[in-house]
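One structure below.
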Amino acid sequence: MRELIATVFNYSLDGLLADEGTEFWKFCFGLPENREPDDRGHLDFLQSAYAHIMGRTAYEGIAGAMTTSTDHPFAGILNAGRKVVFSRTLKTADWANTTIAAGDTREEVDKLRLGGDGHIVVWGGVGLWRSLMRLDLIDEFQVSMFPYVAGEGTRLFDGVPKSYQLDLVSSTASGNGIVYLEYRRPR
């Protein structure tokens with residue numbers, strides 16, 4: 001069965017996501033890791049995904065950026081890859097290789113998980129992450145923790161189960177102080 005791996009990027013020490021237009025957003029995208037991601041392991045992880053899933057808002061933002069990009073390392077991977085948008089309001093998806101999942105979230109995820117090994121990358125947004133956590137469907141979190149106290153932004157873990165144990169699998173740091181954390185949900 002395929003695993004769901006949530007990739008949480010631009011996360012601050014005080015538990016906030018970098019909302020567009022904030023100082024934290026500017027800080028994150030001022031670093032080379034965001035401007036020109038070149039970690040071969042991460043690129044291979046994205047390339048080897050069975051599918052990339054996201055909510056409507058994340059889909060619209062990522063599609064807008066990747067379909068017009070000619071040089072971003074994620075563009076080729078995402079433009080060619082299978083994408084599934086979880087939305088009950090989106091009626092069409094123009095980005096190549098994209099389908100819309102408008103049914104019951106658990107049933108839609110179960111359909112994606114069946115039929116093989118590998119992984120499914122969960123890009124977000126926050127509403128989808130929270131829904132998947134409440135349903136206990138995320139198997140792993142890959143979190144990029146930035147050396148920044150944001151003070152403003154969106155809290156990822158609001159409205160999720162009060163008891164949600166995770167086991168640390170690995171942690172590595174970049175030269176810029178970003179800590180990459182990998183957590184698994186014990187099953």
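The values are calculated or read from the model by the stated rules, or taken from the named source; none is laboratory data. The shown structure was predicted, so the numbers you read here are calculated from the model rather than taken from an experiment. Don't worry about glycine lacking a Cβ; one is built from the backbone with ideal geometry, like all the others, and counts go over all protein chains shown. When the accessible area is computed, the model is the full protein with side chains, heavy atoms only, and any ligands, DNA or RNA have been set aside. Shrake-Rupley method; radii C 1.70, N 1.55, O 1.52, S 1.80 Å.
Take the residues in segment 37-66 that are in a helix (DSSP H, G or I) and of a type in the set (S, T, N, Q), then tell me which one is surrounded by the fewest Cβ atoms within 10 Å (Cβ to Cβ). Quick ask: steps written out before the conclusion?
Here is the first cut: in segment 37-66, the ones in a helix (DSSP H, G or I) are 40-47, 56-66.
Going one step further and asking which of them are of a type in the set (S, T, N, Q), we end up with 47, 57.
Numbers: Gln47: 13, Thr57: 16.
In this case the residue turns out to be Gln47.
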- Any residue at all in segment 155-171 that is closer than 27 Å to Gly30 by Cα, in contact with a Lys or Arg (Cβ under 9 Å, 6 or more places away or on another chain) and surrounded by 12 or more Cβ atoms within 10 Å (Cβ to Cβ)? yes
- For segment 68-104, how many residues meet the condition of being touching a residue at least 24 places away in the same chain (Cβ under 8 Å) and under 16 Å from Val122 (Cβ atoms)? 12
- Query: Under 7 Å by Cβ, and 6 or more places apart or on different chains, what pairs join a residue from segment 40-52 that is in contact (Cβ under 8 Å) with a residue 60 or more places away in the chain and closer than 13 Å to Ala6 by Cα with one that is crowded, with 18+ Cβ neighbours inside 10 Å and of a type in the set (Gly, Ala, Ser)?
  - Reply: Ala49/Gly81; His52/Gly81
- Is it the case that Tyr164 is outside any loop (DSSP other than H, G, I, E, B) and either touching a residue at least 12 places away in the same chain (Cβ under 8 Å) or within 28 Å of Pro32 (Cα to Cα) (or both)? no
- So how many residues does segment 138-154 have that are surrounded by fewer than 18 Cβ atoms within 10 Å (Cβ to Cβ) and assigned to a loop (DSSP other than H, G, I, E, B)? 4
- Could you tell me whether Asn10 is more than 15 Å from the chain's Cα centre (by Cα) and either at positive phi or part of a helix (DSSP H, G or I) (or both)? no
- Task: Take segment 98-137 and flag every residue that is assigned to a helix (DSSP H, G or I), charged (D, E, K, R) and closer than 30 Å to Phe24 by Cα.
- Result: Arg130, Arg134
- segment 14-36: number of residues that are in contact (Cβ under 8 Å) with a residue 60 or more places away in the chain and not in a helix (DSSP H, G or I): 8
- Within segment 110-124, is there a residue that is at pLDDT 95 or above, closer than 18 Å to Ile62 by Cβ and open to solvent by 50 Å² or more (accessible area, probe 1.4 Å)? no
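With respect to Trp95, is the statement that it is touching a strand residue (DSSP E or B) at 6+ places or on another chain (Cβ under 8 Å) and either in a loop (DSSP other than H, G, I, E, B) or surrounded by fewer than 19 Cβ atoms within 10 Å (Cβ to Cβ) (or both) true? Outline the logic, then answer.
Details: touching a strand residue (DSSP E or B) at 6+ places or on another chain (Cβ under 8 Å): yes; either in a loop (DSSP other than H, G, I, E, B) or surrounded by fewer than 19 Cβ atoms within 10 Å (Cβ to Cβ) (or both): yes.
Yes; evaluated as a whole, the condition is true for this residue.
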